[in-house]
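**Student:** This structure is in structure tokens; I'll ask about it shortly.
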Amino acid sequence: MISELVKSFQPYRVVEGNYRIRLDKNESPYDLPDWVKEEIFEELRELDFNRYPSITSLPAREAIAEFYGLSPDNVAVGNGSDELLSYLVRLFEGNHIITTPPTFGMYSFYARLNGVPVVEVPLREDFTIDGEAIARKAENARAIFIASPNNPTGNLQPEEEIVRVLETGRPVILDEAYAEFAGKSLWKLIEDYKNLVVLRTFSKAFGMAGIRAGYMLAGEEVVDALYRVKSPFSVGIMTMTAVKVALRHADLMERRVRKIVEERERMRRKLGELAYPSDANFLLVKLDAYEELLKRGIVVRKLSGRLEGHIRVTVGRRWENDAFLKAVREIVGG
Ligand code: PMP
């Protein structure tokens, strides 16, 4: 009954159990404060719950456009940036998509689900993208997916390499889910490159992973194309209201990002040689300690393939990070 394609996908694995410390999903350790939630609730009270939301998520797009000084025609909003990725693998003309492993798995996931071939151009030894190598595979590519900062390696990609890829003229999806932690974004390049789509999310720096809000910044033609195929009501009024209110308090997000970055650097110093440099809210750690950490109530992300023997740890609250560091000392020492 179930198709062979669907059966070829792994069942979704949840880490069962009530673990004390969850540092596995690159979430923000900071929830929205109550006074911001209250502001969201106040606005929601005025809305008609019986009506469908705007098909093109206009209230949220207007708020995001104002934040960037763009037109809403340059903004599309999804139920998380994942939803947008699910369309971006199919939106453009061409054959395959290009990914740069080790990287975020959802690009190839949605490609496979849609029967789109995936061509891999691995990251170099230092985890940077090889713009020339990508360009060599770019002919007739539907889209090229680049995460910067990259998940799970944590590094920003060099601007000149990204520009090299943009110069191919093929659609480039630049996934900047963690850009706030790097203090650097290339979103302004959408003015110069009509083939550039910049993907952002409220799930990380804004601490709203449970709200499900992601967005893309791109040329009008791409945004128009996306709304032709997007599931019409996937972004509800609660999500849009949370986006509007959160953007009003972006200063709060910035303060929290600074705290997370400070913690990241402290963790990195303590981990020494074990940790790679990071521009995101997580660290790639060269330590095969997933099981040992789990025994101590700490959940991190176990990596495989080229990153076999590594873990990815999200920067949490100070006490959580301290517990992680203490556990690592025990594991390495013993
Ligand atoms: N891109 C990258 C690189 C990510 O790591 C994630 C979340 N893990 C996403 C996109 C998706 O985020 P969301 O759907 O919550 O916006």
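**Student:** Can you confirm whether residue 21 is out of contact with any Lys or Arg (no Cβ under 7 Å at 6 or more places or on another chain), modelled with pLDDT of 95 or more and surrounded by 19 or more Cβ atoms within 10 Å (Cβ to Cβ)?
**Tutor:** For residue 21, the condition - out of contact with any Lys or Arg (no Cβ under 7 Å at 6 or more places or on another chain), modelled with pLDDT of 95 or more and surrounded by 19 or more Cβ atoms within 10 Å (Cβ to Cβ) - is met.
**Student:** While we're looking at this one, here's another question. Among (1) exposed (fewer than 15 other Cβ atoms within 10 Å of the Cβ); (2) touching a residue at least 12 places away in the same chain (Cβ under 8 Å); (3) within 16 Å of the ligand (Cβ to nearest atom), there is one condition residue 80 misses while meeting the rest; what is its number?
**Tutor:** (1)
**Student:** In a strand (DSSP E or B) and not assigned by TED's automatic domain parsing to the domain that holds residue 90: which single residue out of 256, 306, 312, 266 fits that description?
**Tutor:** After ruling out the rest, the residue left standing is 312.
**Student:** Say we look at the range 209-222 and pick out the residues that are surrounded by fewer than 23 Cβ atoms within 10 Å (Cβ to Cβ) and part of a loop (DSSP other than H, G, I, E, B); which of these is farthest from the ligand (Cβ to nearest atom)?
**Tutor:** By that ranking, first place goes to 219.
**Student:** Looking for something within 16 Å of the ligand (Cβ to nearest atom), in contact (Cβ under 8 Å) with a residue 12 or more places away in the chain and more than 19 Å from the chain's Cα centre (by Cα) - is there at least one such residue anywhere in the range 130-138?
**Tutor:** Checked the range 130-138: no residue is within 16 Å of the ligand (Cβ to nearest atom), in contact (Cβ under 8 Å) with a residue 12 or more places away in the chain and more than 19 Å from the chain's Cα centre (by Cα).
**Student:** Identify all residues within the range 311-330 that are within 23 Å of residue 102 (Cβ to Cβ) and either touching a helix residue (DSSP H, G or I) at 6+ places or on another chain (Cβ under 8 Å) or free of Cβ contacts under 8 Å to residues at least 24 places away in the same chain (or both); write none if there are none.
**Tutor:** 311, 313, 315, 316, 324, 328
**Student:** How many residues are out of contact with any Lys or Arg (no Cβ under 7 Å at 6 or more places or on another chain), surrounded by fewer than 24 Cβ atoms within 10 Å (Cβ to Cβ) and more than 15 Å from residue 294 (Cβ to Cβ) if we restrict to the range 311-325?
**Tutor:** 5
**Student:** Going through the range 292-310 one residue at a time, which ones are free of Cβ contacts under 8 Å to residues at least 40 places away in the same chain, surrounded by fewer than 16 Cβ atoms within 10 Å (Cβ to Cβ) and under 15 Å from residue 105 (Cβ atoms)?
**Tutor:** If the condition is that a residue be free of Cβ contacts under 8 Å to residues at least 40 places away in the same chain, surrounded by fewer than 16 Cβ atoms within 10 Å (Cβ to Cβ) and under 15 Å from residue 105 (Cβ atoms), then 304 is the only one that fits.
**Student:** While we're here: Kindly provide the set of residues from the range 62-77 that are within 18 Å of residue 176 (Cβ to Cβ) and either among the small types (Gly, Ala, Ser) or within 16 Å of the ligand (Cβ to nearest atom) (or both), ordered by number.
**Tutor:** Selection gives 64, 65, 69, 75, 76, 77.
**Student:** Whether any residue in the range 248-256 is at pLDDT 95 or above and farther than 25 Å from residue 202 by Cβ is what I want to check.
**Tutor:** no
**Student:** Would you pick out the residues in the range 83-124 that are of a type in the set (S, T, N, Q), within 20 Å of residue 227 (Cα to Cα) and either surrounded by 17 or more Cβ atoms within 10 Å (Cβ to Cβ) or outside the structural domain of residue 236 (by TED's automatic domain parsing) (or both)?
**Tutor:** 86
**Student:** Now for a different question. Just one of (1) within 16 Å of the ligand (Cβ to nearest atom); (2) assigned to a helix (DSSP H, G or I); (3) among the aliphatic types (A, V, I, L, M) trips up residue 36, so point out which.
**Tutor:** Checking residue 36 against (1) within 16 Å of the ligand (Cβ to nearest atom); (2) assigned to a helix (DSSP H, G or I); (3) among the aliphatic types (A, V, I, L, M), the one that fails is (1).
**Student:** Turning to a different aspect of this structure: Does the range 186-200 contain at least one residue that is in contact with a strand residue (DSSP E or B) (Cβ under 8 Å, 6 or more places away or on another chain), in contact (Cβ under 8 Å) with a residue 24 or more places away in the chain, near the ligand (Cβ under 9 Å from one of its atoms) and not aliphatic (A, V, I, L, M)?
**Tutor:** Within the range 186-200, one or more residues are in contact with a strand residue (DSSP E or B) (Cβ under 8 Å, 6 or more places away or on another chain), in contact (Cβ under 8 Å) with a residue 24 or more places away in the chain, near the ligand (Cβ under 9 Å from one of its atoms) and not aliphatic (A, V, I, L, M).
**Student:** When both residues are 6+ apart or on different chains and their Cβ atoms are under 6 Å apart, which pairs have a first residue that lies in the range 207-221 and is touching a residue at least 12 places away in the same chain (Cβ under 8 Å) and over 15 Å from residue 245 (Cβ atoms), and a second that is of a type in the set (Lys, Arg) and surrounded by 24 or more Cβ atoms within 10 Å (Cβ to Cβ)?
**Tutor:** 215/200
**Student:** Is it the case that the range 223-244 has a residue that's part of a loop (DSSP other than H, G, I, E, B) and outside the structural domain of residue 42 (by TED's automatic domain parsing)?
**Tutor:** No - not one qualifying residue is present in the range 223-244.
**Student:** A follow-up question, please. Cβ-Cβ below 9 Å, separation at least six or inter-chain, first residue in the range 96-118 and in contact (Cβ under 8 Å) with a residue 12 or more places away in the chain and within 16 Å of the ligand (Cβ to nearest atom), second assigned to a helix (DSSP H, G or I) and of a type in the set (Asp, Glu): which pairs?
**Tutor:** 106/82; 110/82
**Student:** From the list 181, 145, 206, which one is among the aromatic types (Phe, Trp, Tyr), over 25 Å from residue 122 (Cα atoms) and within 14 Å of the ligand (Cβ to nearest atom)?
**Tutor:** Only one candidate qualifies: 206.
The values are calculated or read from the model by the stated rules, or taken from the named source; none is laboratory data. What you see is a predicted model; the values in this text were computed from it and never measured. Virtual Cβ from ideal backbone geometry, glycine too; neighbours counted across all protein chains shown.
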